Amino acid sequence: MECENGMAESVRGVAGVVTAIVSDGPAIVHSPSGTGADDPMENPSPVLGELTVVIGGRAVGTVRVAEQTPRKVTGQFVPSSALGPYRTTFEAAVDLASQFDATPTDEPCDYALFDRVMDAYARITDLGPTFAEIPSPIDEFAIGADWSVEVYLNAAPPYSPLNWGSD
């Protein structure tokens, strides 16, 4: 769907909704050379595989990591049976993402639905999910219609180039 700001929005692969949040500019700009070579959003860290999602001290699933940068993880969420108490919160977000995806791209942006999707993401984030393997709080846990996720971290983990040379 096309929104009045000219940005085509889609929740397909989650990226559309999350991109809408940062559409006024990049989330991280760290490129003194101006080439983008230092930009962690363009140069992912080498850590891939699976990450364990923990809520309330319980492993509720894993993310099969497709891409990882110091502040962002994308991949496929695979719930475990421990997701039970939180399943309806996750499923509500998945259902809303599916509704948003079903809107033809040539129609005006449904901002009310967009806001409901963002609220559903906030409800997941309010549960306090973390990755067992990454010592950084999660700022946003966005999930798509196919259970794909984009997870934004609050601070760069220790292995990040953003922390190299710092105390």
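Where a number appears in this text, it was derived from the coordinates with a stated rule and is not lab data. Being a predicted model, the structure only gives us computed values, none of them experimental. As a convention, Cβ positions derive from the backbone with ideal geometry for all residues, glycine included, and neighbour counts pool all protein chains shown.
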(message) Taking the beta-carbon count within 10 Å as an exposure proxy, list 117, 78 from fewest neighbours to most.
(response) 78, 117
(message) Could you tell me the calculated FRET efficiency between residue 58 and residue 119, based on Cβ-Cβ distance and R0 = 30 angstrom, to the nearest 0.05?
(response) 0.80
(request) Compute the length gained on full extension between residue 88 and residue 102: take 0.36 nm times their separation in residues and subtract their Cα-Cα distance, giving the result in nm to one decimal. (result) 3.0 nm
(request) Determine the gain in length on full extension of the stretch residue 50-residue 80; use 0.36 nm per residue of separation and subtract their C-alpha separation, reporting nm with one decimal. (result) 9.5 nm
